[in-house]
Amino acid sequence: MQSSFGFGQVGGTALVVHPRYVLAAAPSSVYESYGVRHKERYLKSYKAMSEMMTTNTLVKIKEAPPYPIELETPVLLNSLARASPDKKTGSYTFKENQPTEVEQNLANVKAVEETLKVSRSTAGVGVDQGAFSNFLGSLSGG
């Protein structure tokens, strides 16, 4: 397990587990279905790699961006714009109607409302106001 707390006050933790341990922990039915899916993916990737090596198309150099020039600004300024595969050309393209807002997931709102109705206290939620005001008081000498 690797933990990092560096410049900019951002912390991160990464847990790396070898696939053997993950697969050993899976039930036999899950492991067997994984084996079938793995073999299918392997055969598809082997076929694709063989074709690319024999036809010398391992790297496909693009001549133009995946969007028409009139969509350049909307695509580049929209963080939600996504390219989708175009089966006719074998490349990726952007559609004109790209989402501009993220759908809100309000599934937990009811549970939080019920919890707050029961306890009527927000202690422990967000910034602890008592500790924060004590900290500010210590800074001002009070």
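State yes or no: is Leu116 at pLDDT below 85, surrounded by 11 or more Cβ atoms within 10 Å (Cβ to Cβ) and of a type outside the set (Asp, Glu)?
For Leu116, the condition - at pLDDT below 85, surrounded by 11 or more Cβ atoms within 10 Å (Cβ to Cβ) and of a type outside the set (Asp, Glu) - is met.
For Thr93, work out the one condition from (1) in contact with an Asp or Glu (Cβ under 7 Å, 6 or more places away or on another chain); (2) at pLDDT 85 or above it doesn't fulfil.
That leaves (2) as the condition not met.
Identify all residues within the stretch 69-97 that are closer than 29 Å to Ala48 by Cβ and in contact (Cβ under 8 Å) with a residue 12 or more places away in the chain; write none if there are none. Give the derivation first.
Taking the stretch 69-97 first, the residues closer than 29 Å to Ala48 by Cβ are 75, 81-95.
Across the stretch 69-97, the qualifying residues are Val75, Ala81, Arg82, Ala83, Ser91, Tyr92, Thr93, Phe94.
Assess whether Lys47 counts as being closer than 30 Å to Pro19 by Cβ and of a type outside the set (S, T, N, Q). Reasoning before the result, please.
Details: closer than 30 Å to Pro19 by Cβ: yes; of a type outside the set (S, T, N, Q): yes.
Yes.
In the stretch 60-87, which residues are surrounded by 14 or more Cβ atoms within 10 Å (Cβ to Cβ) and either of a type in the set (Ser, Thr, Tyr) or more than 26 Å from the chain's Cα centre (by Cα) (or both)?
Tyr67
Which ones in the stretch 1-23 are modelled with pLDDT under 85 and outside any helix (DSSP H, G or I)?
The initial filter retains those residues of the stretch 1-23 that are modelled with pLDDT under 85, namely 1-15.
Within the stretch 1-23, Met1, Gln2, Ser3, Ser4, Phe5, Gly6, Val10, Gly11, Gly12, Thr13, Ala14, Leu15 meet the criteria.
Looking only at the stretch 24-77, which residues are under 24 Å from Lys88 (Cα atoms), of a type outside the set (S, T, N, Q) and not in a helix (DSSP H, G or I)?
Within the stretch 24-77, Leu58, Val59, Lys60, Ile61, Lys62, Glu63, Ala64, Pro65, Pro66, Tyr67, Pro68 meet the criteria.
The values are calculated or read from the model by the stated rules, or taken from the named source; none is laboratory data. Remember, predicted model here, so these are calculated numbers, not experimental data. Neighbour counts are summed over all protein chains in view; Cβ atoms, including those assigned to glycine, are modelled from backbone coordinates with ideal geometry.
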